[in-house]
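I have placed the structure first, in the form of structure tokens, so that the comments after it can refer back to it.
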Amino acid sequence: MAKLNIVKEGDPILRKKSRPVEVIDDRIKTLAADMVETMRAANGCGLAAVQVGKLRRMVVVEVEEDKPYIMINPEIIKREGKQNEAEGCLSLPDQWGITDRPMTVTVRYTKLDGKQYTVTGSGLAARAFCHEIDHLDGILFKDNAVRMLDPDEVEH
Ligand code: NI
């Protein structure tokens, strides 16, 4: 496994649309493992492939210790409720904002085993799923932030 460089805001790749993964080969499996390692090293709870320079529809999310979701071609198929909580992004260091997100989402995705699954998540999990899947369409959390936070409003 290898820790990859995280692309930062200003790099035009972050605004591009990622393309679907068609074949889950060794390169995709290695990329998945490297993305999990990179996310953990950066203390993040999610990372999209585009953030490590790969325009593929693939994200990793870990909101519960040692339970990473590796999602290939993820798609939100159901949204319920609403939440407005603080959000940040490994590509936008030191920026935080209150976003408008569904409270609960259901995501359909493919795992590395090539099979399709669905998962329903609420709260932080729902925010993370939405945030990472937005990255695949070139959308950053600040685009739909209700408001950005001043540094002194952020709790660490
Ligand atoms: Ni992000």
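Every number here is computed from the coordinates shown, using simple stated rules; none is lab data. These numbers come from a predicted model, not from an experiment. Don't worry about glycine lacking a Cβ; one is built from the backbone with ideal geometry, like all the others, and counts go over all protein chains shown.
Would you please calculate the Kirkwood hydrodynamic radius of the range 114-156 over all C-alpha pairs and express it in Å, rounded to one decimal?
12.7 Å
Can you tell me which aspartates and glutamates have their Cα less than 20 Å from the Cα of residue 67? Leave out same-chain residues fewer than eight positions away.
Correct list for residue 67: 34, 37, 75, 113, 132.
Go ahead and estimate [θ] at 222 nm for the chain from helices alone: -39,500 (n - 2.57) per DSSP H run with n ≥ 4, summed, over the residue count, rounded to 500.
Working: 2 runs with 28 residues, N = 156.
Taken over the chain, the calculation gives -6000 deg cm²/dmol.
I'd like the orientation of helix 124-135 relative to the chain: the angle between its Cα long axis and the longest Cα principal axis, in ° from 0 to 90, rounded to 10.
70 degrees
Students often check this: by mean Cβ neighbours within 10 Å, which of 125-134, 66-75, 143-152 ranks highest, and how do the rest follow? Present the calculation step by step, with values, prior to reporting the outcome.
Values: 125-134: 23.8, 66-75: 18.2, 143-152: 11.2.
So the peptides 125-134, 66-75, 143-152, ranked by packing, come out 125-134, 66-75, 143-152.
Kindly flag which residue pairs out of 16/111; 82/115; 29/111; 3/142 have an alpha-carbon separation exceeding 19 Å in this structure. The partial results should precede the final answer.
Values: 16/111 23 Å; 82/115 30 Å; 29/111 10 Å; 3/142 26 Å.
Checking Cα-Cα distances, 16/111; 82/115; 3/142 exceed 19 Å.
How many times 2.2 N^0.38 Å is the alpha carbon radius of gyration of the range 12-153?
On the way: Rg = 14.3 Å, N = 142, 2.2 N^0.38 = 14.5 Å.
Rounded to two decimals, the normalised Rg is 0.99.
Averaging sequence separations of C-alpha pairs under 8 Å and six or more residues apart, then dividing by the length of the range 12-153, give the relative contact order as a whole percent. Walk me through the numbers on the way to the answer.
Details: 278 pairs, mean separation 36.1, N = 142.
Answer for the range 12-153 is 25 percent.
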